[in-house]
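Single-structure report; data block below.
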Amino acid sequence: MMRLPPFTYLSPASVADAARQMAEHGPAAMLVAGGTDLYPNMKRRQFEPSVLIGLRAVKGLAGVGGSARAGMTIGSATTLTAVSRHPDIARHYPALATAAGLVSTPQLRNMGTLGGNVCVDTRCNYYNQSYQWRKAVNFCMKKDGDICLVAPGSSRCWAVSSSDTAPALWSLGATVRLVGPAGEREIPVAGLYRDDGIQYLTKQPGEIVTEIVLPPAEDVRSVYLKLRRRGSFDFPVLGVAATVQMDGEIVRAARIVLGAVASLPREAVEAARLMVGERLSPDLIDRAAEAAYRPAKPLDNTDLTHPYRKKMTRVFVTRALRRLAGLPEAPEA
Ligand SMILES: Cc1cc2nc3c(=O)[nH]c(=O)nc-3n(C[C@H](O)[C@H](O)[C@H](O)COP(=O)(O)OP(=O)(O)OC[C@H]3O[C@@H](n4cnc5c(N)ncnc54)[C@H](O)[C@@H]3O)c2cc1C
Ligand code: SF4
């Protein structure tokens, strides 16, 4: 059995106290919300904080407010179950409700939070292993080693962004509020990520995600589809989030974001550009799916083969856009 190492647990009552404690303890400290990713990572010695700053007792960090007309705010400590079942989120931001509802298992969604999901660690077959397993292969540069075992000549880590809600929030045009020692700021979800398997977040380690802000959703349609080995629970090996804003039958704005194909969610910019000003016809959907498939560059470091995952990008984007268009999932033979 893998055991947690000893650590000190602090339980601040306010965001200001949490930020102060993070600054006081520096690199020795980590934030913990639901702990569904952090504790297993600590058991495998991927994370070795000596101080944990728990967010569960922080007042005002959980809850959903606003409206689809004005835009909605979701406290970062809101559980994934609450996000997936919220009637306004399910109705007006279905990509997010679906993504949150497809994370892991019911038990983990009851503990796991939206903030933790947005910040969840990147994954790799050579990293998500016990300490003994990693030691047997002489570790890798993400933790305890020097080289990348997937791409030995590479100077960077290619671990995969594996959050379900990150591509959904990015496609919806959401922003995140951060509070840290230097004060408060709000950045687009698209600006929260960096293409590096180790330093995958742009936020400072001491910054706390306090809120996720969704823009107004009038005339907006969205969808999230997930490819994984087991339908009951598994991390995504491909996620496709697509959002369109419609002007009657015409696409006014579009955003397609792919999950689990790189170290950050990958926006398919060219595919969305093709769609703006057009009707969501089967022909347009085929062309957009072809364009969206190009930026997907999965490596051989997660479940299922990478050529298959790349091929499935086109299939899943087609399915997602057909759903947005109200067309049957597969074209008629
Ligand atoms: C068996 C299993 C299956 C899983 N399947 C999936 C899956 O299918 N899809 C998926 O997306 N995830 C999956 N997960 C990962 C995890 O359960 C979820 O990502 C969950 O949403 C993490 O939320 P949490 O609150 O538990 O985060 P925690 O584990 O508490 O924290 C995760 C990370 O986020 C940081 N953090 C947490 N809250 C904040 C905050 N407010 N501000 C700044 N940093 C913060 C922590 O320091 C830590 O680095 C799985 C995990 C397990 C064990
Ligand atoms: S991509 Fe390379 S460096 Fe990164 S976790 Fe995997 S093996 Fe390690």
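The values are calculated or read from the model by the stated rules, or taken from the named source; none is laboratory data. Fair warning: this is a prediction, and the values are worked out from it, not measured in the lab. Don't worry about glycine lacking a Cβ; one is built from the backbone with ideal geometry, like all the others, and counts go over all protein chains shown.
Counting the residues of the stretch 251-307 that are modelled with pLDDT of 95 or more and more than 22 Å from Asp195 (Cβ to Cβ) gives 21. Asp283 satisfies every condition listed in (1) acidic (Asp, Glu); (2) within 14 Å of ligand 1 (Cβ to nearest atom); (3) without any contact (Cβ under 8 Å) to a residue 12 or more places away in the chain except (2). Restricting attention to the stretch 43-63, the residues that are under 15 Å from Ile212 (Cβ atoms) and surrounded by fewer than 18 Cβ atoms within 10 Å (Cβ to Cβ) total 2. When the stretch 271-310 is limited to residues that are of a type in the set (D, E, K, R) and part of a loop (DSSP other than H, G, I, E, B), the one that is farthest from Trp158 (Cα to Cα) turns out to be Glu278.
Of the residues that sit in the stretch 141-164 and are closer than 19 Å to Asn117 by Cα and of a type outside the set (A, V, I, L, M, F, W, C), which one is farthest from ligand 2 (Cβ to nearest atom)? Among those that are closer than 19 Å to Asn117 by Cα and of a type outside the set (A, V, I, L, M, F, W, C), it is Asp164.
Evaluation of Gly116 against the conditions (1) free of Cβ contacts under 8 Å to residues at least 40 places away in the same chain; (2) closer than 19 Å to Tyr200 by Cα shows that the sole unmet condition is (1).
For the stretch 132-186, the tally of residues that are part of a strand (DSSP E or B), more than 25 Å from Ser222 (Cα to Cα) and out of contact with any Cys (no Cβ under 7 Å at 6 or more places or on another chain) stands at 8. Among residues of the stretch 137-159 that are aromatic (Phe, Trp, Tyr), those with a beta-carbon under 6 Å from a residue that is within 16 Å of ligand 1 (Cβ to nearest atom) at least six positions away or on a different chain give the pairs Trp158/Gly197.
Phe7: touching a Leu at 6+ places or on another chain (Cβ under 6 Å), of a type in the set (Phe, Trp, Tyr) and either surrounded by fewer than 16 Cβ atoms within 10 Å (Cβ to Cβ) or over 20 Å from Asp234 (Cα atoms) (or both), yes or no?
For Phe7, the condition - touching a Leu at 6+ places or on another chain (Cβ under 6 Å), of a type in the set (Phe, Trp, Tyr) and either surrounded by fewer than 16 Cβ atoms within 10 Å (Cβ to Cβ) or over 20 Å from Asp234 (Cα atoms) (or both) - is met.
Mind telling me which of the residues Arg123, Arg134 ends up being within 14 Å of ligand 2 (Cβ to nearest atom) and either over 21 Å from Leu192 (Cβ atoms) or of a type in the set (Val, Ile, Thr) (or both)?
Every option except Arg134 fails the conditions.
Answer yes or no as to whether Asp88 is acidic (Asp, Glu) and in a helix (DSSP H, G or I).
yes
Of the helices (runs of 4 or more DSSP H) lying entirely inside the stretch 1-85, those containing at least 3 residues that are under 29 Å from Lys142 (Cβ atoms) and either away from ligand 2 (no atom under 16 Å from the Cβ) or at pLDDT 95 or above (or both) span 15-25, 38-43.
Regarding the stretch 107-124, can at least one residue be identified that is out of contact with any Ser or Thr (no Cβ under 9 Å at 6 or more places or on another chain) and of a type in the set (Ser, Thr, Tyr)? Checked against the condition, which is being out of contact with any Ser or Thr (no Cβ under 9 Å at 6 or more places or on another chain) and of a type in the set (Ser, Thr, Tyr), the stretch 107-124 yields no hits at all. For the residues Thr79, Thr105, Thr36, Thr113, the requirement of being near ligand 1 (Cβ under 10 Å from one of its atoms) and in contact with a Lys or Arg (Cβ under 8 Å, 6 or more places away or on another chain) singles out Thr79. If the condition is being touching a helix residue (DSSP H, G or I) at 6+ places or on another chain (Cβ under 9 Å), farther than 20 Å from Leu321 by Cβ and surrounded by fewer than 23 Cβ atoms within 10 Å (Cβ to Cβ), then the stretch 257-301 contributes Lys297, Leu299, Asp300.
Scanning the stretch 133-143 turns up one or more residues that are at pLDDT 95 or above and under 21 Å from Val32 (Cα atoms).
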